[in-house]
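No value in this document is a laboratory result; all are computed from the given coordinates. Please read these numbers as outputs of a predicted model, since none were measured by experiment. All Cβ positions, even for glycine, are placed from backbone atoms using ideal geometry, and neighbour counts span all protein chains on display.
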Amino acid sequence: MGWLVAVLLLISAPVHAQVQPPAEWQAAAQAVIGEFERDTPLANKAWGPELRQGWSLARTWRQYNNGNVENTLAEYLIFAALCRVPGCPGNTIEGQPYVAMAQKVKALIAEQGGSYALATNAHAWLAGLADPTGAAQKNAKLWSQHLDMAAADFATGNLYALAWLLARSRPTPAEQATTFSRFGLLVQEKGWLGTRCVDISKVALVIDAPPKVESCR
């Protein structure tokens, strides 16, 4: 419900006032992406314009696909993560124009037979990856029980398709598993990152409060 309240606040606010993402969303992005970067060289990387760039890219993506700029937190988190690494100059997604990626997403969803079929097939693909941490198999099993999270909404279905496209482009099964697990978590709200189970469902639940990234089983 916290995410829904935040979205409704954004919808009711004047578009011209939304130059920056809400402060609680920025804090949430730093907390969640910080979980991705834990125990890696990126853990000490300073935060720069990626929080603002991710907001711009999320709104641009939403406008192109949905005809509005009523972003969800999942959209913002995904594009903030992409703008942090590898960067998103000129509203690009991993070096490709966002329009080209949006068209690939649309084509992939059609090819798979819709968002529900895409999520089902993506989970089967994830389960078959060689992941030394075991996260891929755990996530595939967990997320297969919650297909609505990935497919019930048009915008979320687009995100899941984007996550699968990006994951499939990685050179090794382990990297593919890590990529899909990270982006899938941002949609599903709960999942495994390596050997850790992370729950981000309350990360921006309370306005003007510290973000809450919790552990789960």
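How long is the gain from Ser215 to Asp153 if the chain were fully straight, where each residue apart is worth 0.36 nm and the alpha carbon distance is subtracted? If you can, show how the numbers build up before the last one.
Numbers: separation 62, 0.36 × 62 = 22.32 nm, distance 2.64 nm.
Taking Ser215 through Asp153 to full extension adds about 19.7 nm, to one decimal.
Within a 10 angstrom radius of the beta carbon, how do Thr60, Thr178 rank from fewest other beta carbons to most? Display every interim value, and only then the final one.
Values: Thr60 17, Thr178 21.
Ordered by Cβ neighbours within 10 Å, fewest first: Thr60, Thr178.
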Self-check item: Charge dipole magnitude, Cβ of K and R +1, D and E -1 - the chain, Cα centre, debye nearest 20
Solution: 240
Quiz item: With contacts defined as alpha carbon pairs under 8 Å and 6 or more residues apart, what's the relative contact order of the stretch 18-143 in percent?
Solution: 17
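If the stretch 50-186 were replaced by its equivalent ellipsoid, with semi-axes equal to the square roots of 5 times the Cα gyration tensor eigenvalues, what would those be, largest first, whole Å? Walk me through the intermediate numbers first.
On the way: eigenvalues 106, 58, 34 Å².
Semi-axes (√(5λ), whole Å): 23, 17, 13.
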Quiz item: At 222 nm, what helix-only mean residue ellipticity would the chain give, in deg cm²/dmol to the nearest 500, using -39500 (n - 2.57) for each DSSP H run of four or more?
Solution: -19000 deg cm²/dmol
Quiz item: Where does each of Asp153, Asp39 land when they are ranked from fewest to most other beta-carbon atoms within 10 angstrom?
Solution: Asp39, Asp153
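Suppose a student asked you for the relative contact order of the chain, using Cα pairs under 8 Å spaced at least 6 residues apart; what percent would you report? Before the final figure, lay out each step's value.
Working: 298 pairs, mean separation 44.8, N = 217.
Here the relative contact order equals 21 percent.
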Exercise. Compute the distance in nm between two label points, each set 7 Å from the Cα along the Cα-to-Cβ direction, one at Ile207 and one at Gln137.
Key: 4.5
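If neighbour count is taken as other Cβ atoms inside 10 Å, put Ile78, Ile207 in order from fewest to most.
Values: Ile78 25, Ile207 12.
The order, fewest Cβ neighbours first, is Ile207, Ile78.
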